Amino acid sequence: MAEGSFLTDDFLRQLINVGEVDILVGLPTHNNAETIGSIVHTIQSGILRWFPRERAVIINADGGSRDGTPELVTGVSIDDVHPASNLYALRTLHSISTKYASSPASGVALRTILAAAELVRAKACVVMSPESANIEPEWISKLLRPIYDDGFDLVTPTYRRHKFEGLLITNLLYPMTRALYGLRIREVFSPEFGFSGRLGSQFLGQNVWNDGTGGAGVELRFTLAAIAGKYRICQSFLGEKDPIERRAADLVPALRQTVGALFSALEPDFPVWSAVAGSQPAPATGANQEVLLEPLRVNRKRLREMFSTGVAELESVFQSILSPSTLAELQRIARLGEEEFHYPAELWVRTVYEFAASYQKSVISRDHIIQALAPLFRGRVFTFLIENRNASADDVENNIEDLCLEFERLKPYLLQMWKSRE
Amino acid sequence: MREMIISELSQALHEIVRGFAHFLPRLIVMLILAFVGWVIAYFVKAVLHSILRLIKFDKLSENAGASQLLTTAALPSATEMLSRFVFWVTWLGFILLGVRVLGILGLQEQIARFFLFLPRLFVAMFIMFLGLLAASFFSRAVLLAAVNANVPSPRLLSLALRSIIIVFVLSIVFEELGLAEQTMLVAFGIAFGALMLGLAIAFGMGGRHLAQRFLEKRFVRGKKEENEDELSPL
């Protein structure tokens, strides 16, 4: 109960009124008035359809919205669901909202949801993204059923995606977590996931909340904690993932949120990942992830230019992070023209591992290390786009698999650097 | 006459012997102080050297950019330099204490001034080190941000910021040391003002459209960037 001490009195009062529940749906928000109404509506439909007899609550953790998002969450009436879907509630479905801060922080939002889940003793919980415009009521079932019925502790989603979407996941997060932690979880960082009450309580007690970053990337730490704690994990296919608005400026925050979280987890988890060899598939429900192939306009030239500029301009930074041989190889490929340019998988893996080892050693500011990875990632993306330009879905999967195996093959290199730097 | 000369000479010799006998213990005390000082200074140096190696001061100095300066000037590492500096300051302090014991009048005031100057010297060195650290950190931050935002000439921007910070820190250091305060103040004012004016003119004349685009992007909501067809990383 001590973990709930950071919750406001008003929120605690609301939770006491709710009492114990079976199902908890967490909804972190910040200025999501455009989409939140329909999302809450869909969540309510999902609960009524798939869990009509269970006690359920929707918890909205809001990061200081100014567009009335919390009011929209609590204002959506369950009666609106009845006529459209012919569904009727056998239990009261609560919707409560709390403002955890005046500015958004994903870590604090998740912590609020976990603390609420612990207080109301929820058996199965799910966190939903407030931006998923194509959310279906079935998603609730797909993320909660394996926990509620089959005793899993964490359910991560898989999606139908375009082959060139989520390249940070396919080129770094998935292969590296798979190689280090030994479990093949495709979406290690996702805004939607389901978890058991016991996993939530265990993670709530971990020392990941006060690192000064507002808990950026804590969703990824949550997944890693579940693997490290040997909890039962499965993947569930949800359907098509919303295409996210593309902006170059999103790359560095995304790297901070994901790669930064992964690198910072490696230090406390060293006893776990250093003992792992190879990898095992995670159980999956529904279809496997699907790949869309329609043509997509991408400014490849810009990617290569930003890579070459980055390698040239950041030489002094890379000298602190990379080994001389890796840096020399990067400088060589940075001078190649667009036709000959190729950032091979082996060099990419060595680059990432050297960044991880430098991050552990804090050779320079850790945030600067993460930022310095951005131009190199662009170079790798360029090569991935060229390699998979005309590739079928199977070819793309095979290429990703080859990269994963390269990460696994070179794991001793990371271990060697890690131990020599201790 | 002969007796008188002998008497004067013996009196003078007596005076010299008496003076020397009076001075000798002080000289011995001074030599003892110098020796004890050397032993203490050596001990302090060894302890400091170990502590600095333990806290990886060389790495910190490398991050601050101080190591590059030392290497360029063919000087030893930052740890070695600081250890030697502390050794010499400590030993010199003991030697000056010994000299004070000698009771040479003209030196007393100079020695007192030296001891009063020491804290300011340490503060100035500390400010310089922090300044180099800040210059290195912020110039690298600007370099990374400029490279990732695809801004032209990122290294120039980074170098400009580094130079501004170092000039600013140097002016504080000189002020702390009390060296050429007025000259430094005026020189800093002129250099800083000229730099800012130069940047303002350069940005106003050459970067008008860049400034317009930047302000539009920053403040006009809803206006999407064109040609931003980069892929979503997540």
Candidates A:Glu305, A:Glu315, filtered to the one that is within 14 Å of chain B (Cβ to nearest Cβ), closer than 14 Å to A:Gln371 by Cα and surrounded by fewer than 19 Cβ atoms within 10 Å (Cβ to Cβ):
A:Glu315
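Matching residues to (1) at pLDDT 90 or above; (2) more than 14 Å from chain A (Cβ to nearest Cβ); (3) within 12 Å of the chain's Cα centre (by Cα); (4) under 30 Å from A:Ser320 (Cα atoms):
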{"position": "B:Leu118", "(1), (2), (3), (4)": "no, yes, no, no"}
{"position": "B:Leu121", "(1), (2), (3), (4)": "no, yes, yes, no"}
{"position": "B:Arg140", "(1), (2), (3), (4)": "yes, no, no, yes"}
{"position": "B:Ala146", "(1), (2), (3), (4)": "yes, no, no, yes"}
{"position": "B:Ser153", "(1), (2), (3), (4)": "no, no, no, yes"}
{"position": "B:Leu159", "(1), (2), (3), (4)": "yes, no, no, yes"}
{"position": "B:Phe168", "(1), (2), (3), (4)": "no, yes, no, yes"}
{"position": "B:Met184", "(1), (2), (3), (4)": "no, yes, no, no"}
{"position": "B:Gly193", "(1), (2), (3), (4)": "no, yes, no, no"}
Could you check, for the range A:333-347, whether at least one of its residues is in contact with an Asp or Glu (Cβ under 6 Å, 6 or more places away or on another chain) and of a type outside the set (Asp, Glu)?
yes
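Mind telling me which of the residues A:Thr112, A:Thr98 ends up being among the polar types (S, T, N, Q), away from chain B (no Cβ under 14 Å) and either assigned to a loop (DSSP other than H, G, I, E, B) or surrounded by fewer than 21 Cβ atoms within 10 Å (Cβ to Cβ) (or both)? Spell out the reasoning first.
Values: A:Thr112 fails: either assigned to a loop (DSSP other than H, G, I, E, B) or surrounded by fewer than 21 Cβ atoms within 10 Å (Cβ to Cβ) (or both).
Answer to the selection: A:Thr98.
Results for (1) buried (at least 18 other Cβ atoms within 10 Å of the Cβ); (2) in the same structural domain as A:Pro137 (by TED's automatic domain parsing); (3) modelled with pLDDT of 90 or more; (4) closer than 22 Å to A:Gly107 by Cβ, shown as yes or no for each residue.
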| position | (1), (2), (3), (4) |
| --- | --- |
| A:Leu7 | yes, yes, no, yes |
| A:Arg13 | no, yes, yes, no |
| A:Asp22 | yes, yes, yes, no |
| A:Leu27 | yes, yes, yes, yes |
| A:Ile43 | yes, yes, yes, no |
| A:Ile58 | yes, yes, yes, yes |
| A:Gly64 | no, yes, no, yes |
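Quick grid of which residues meet (1) of a type in the set (A, V, I, L, M, F, W, C); (2) in contact with a helix residue (DSSP H, G or I) (Cβ under 6 Å, 6 or more places away or on another chain):
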| position | (1), (2) |
| --- | --- |
| A:Tyr343 | no, yes |
| A:Trp348 | yes, yes |
| A:Arg366 | no, yes |
| A:Ile369 | yes, yes |
| A:Pro375 | no, yes |
| A:Val381 | yes, yes |
| A:Ala393 | yes, no |
| A:Asn398 | no, no |
| A:Leu403 | yes, yes |
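Can you say whether B:Gly207 is small (Gly, Ala, Ser), at pLDDT below 85, within 25 Å of A:Leu251 (Cβ to Cβ) and more than 17 Å from the chain's Cα centre (by Cα), as far as the supplied structure shows? Step through it out loud before you land on a result.
On the way: small (Gly, Ala, Ser): yes; at pLDDT below 85: yes; within 25 Å of A:Leu251 (Cβ to Cβ): yes; more than 17 Å from the chain's Cα centre (by Cα): yes.
The answer is yes for B:Gly207.
Yes or no, residue by residue, for (1) surrounded by 14 or more Cβ atoms within 10 Å (Cβ to Cβ); (2) of a type in the set (Gly, Ala, Ser); (3) touching a residue at least 60 places away in the same chain (Cβ under 8 Å):
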position	(1), (2), (3)
B:Leu97	yes, no, yes
B:Phe115	no, no, no
B:Met125	yes, no, no
B:Leu132	yes, no, yes
B:Ser136	yes, yes, yes
Can you name the number of the only condition in (1) out of contact with any Cys (no Cβ under 8 Å at 6 or more places or on another chain); (2) surrounded by fewer than 20 Cβ atoms within 10 Å (Cβ to Cβ); (3) hydrophobic (A, V, I, L, M, F, W, C) that A:Ala284 fails?
(1)
Test set (1) modelled with pLDDT of 95 or more; (2) more than 26 Å from A:Val352 (Cβ to Cβ); (3) part of a helix (DSSP H, G or I) - A:Thr177 fails condition number
(2)
Taking the range A:385-401 as the search range and keeping residues that are of a type in the set (S, T, N, Q) and in contact (Cβ under 8 Å) with a residue 40 or more places away in the chain, which one is surrounded by the fewest Cβ atoms within 10 Å (Cβ to Cβ)?
A:Ser392
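Going residue by residue through the range A:280-302, is there one that turns out to be assigned to a strand (DSSP E or B), in contact (Cβ under 8 Å) with a residue 40 or more places away in the chain, among the small types (Gly, Ala, Ser) and away from chain B (no Cβ under 14 Å)?
yes
Taking the range A:72-85 as the search range and keeping residues that are closer than 22 Å to A:Pro191 by Cβ and touching a strand residue (DSSP E or B) at 6+ places or on another chain (Cβ under 8 Å), which one is modelled with the lowest pLDDT? Can you show your working first?
Initially, the range A:72-85 is screened for residues closer than 22 Å to A:Pro191 by Cβ, giving A:72-74, A:76.
Then drop every residue that is not touching a strand residue (DSSP E or B) at 6+ places or on another chain (Cβ under 8 Å), which leaves A:73-74, A:76.
On the way: A:Val73: 87, A:Thr74: 86, A:Val76: 74.
The qualifying residue modelled with the lowest pLDDT is A:Val76.
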Got a sec? Which of A:Ser362, A:Ser320 is in contact with a helix residue (DSSP H, G or I) (Cβ under 9 Å, 6 or more places away or on another chain), within 10 Å of chain B (Cβ to nearest Cβ), exposed (fewer than 15 other Cβ atoms within 10 Å of the Cβ) and closer than 25 Å to B:Leu159 by Cα?
A:Ser362
What residue, of A:Val276, A:Val352, A:Val311, A:Val272, is within 28 Å of A:Cys234 (Cβ to Cβ) and not assigned by TED's automatic domain parsing to the domain that holds A:Leu154?
A:Val352
Conditions first: (1) of a type outside the set (Phe, Trp, Tyr); (2) over 25 Å from B:Ile166 (Cα atoms); (3) surrounded by 13 or more Cβ atoms within 10 Å (Cβ to Cβ). B:Glu80 passes all but one, so which condition is the exception?
(2)
Inside the range A:115-135, can you point out the residues that are over 17 Å from A:Thr42 (Cα atoms), in a loop (DSSP other than H, G, I, E, B) and in contact with a Ser or Thr (Cβ under 8 Å, 6 or more places away or on another chain)?
A:Lys123
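The values are calculated or read from the model by the stated rules, or taken from the named source; none is laboratory data. Predicted model only: the values in this text are computed from it and were never measured. Methodologically, a virtual Cβ is constructed for each residue, glycine included, from the backbone with ideal geometry; neighbour enumeration extends over all protein chains shown.
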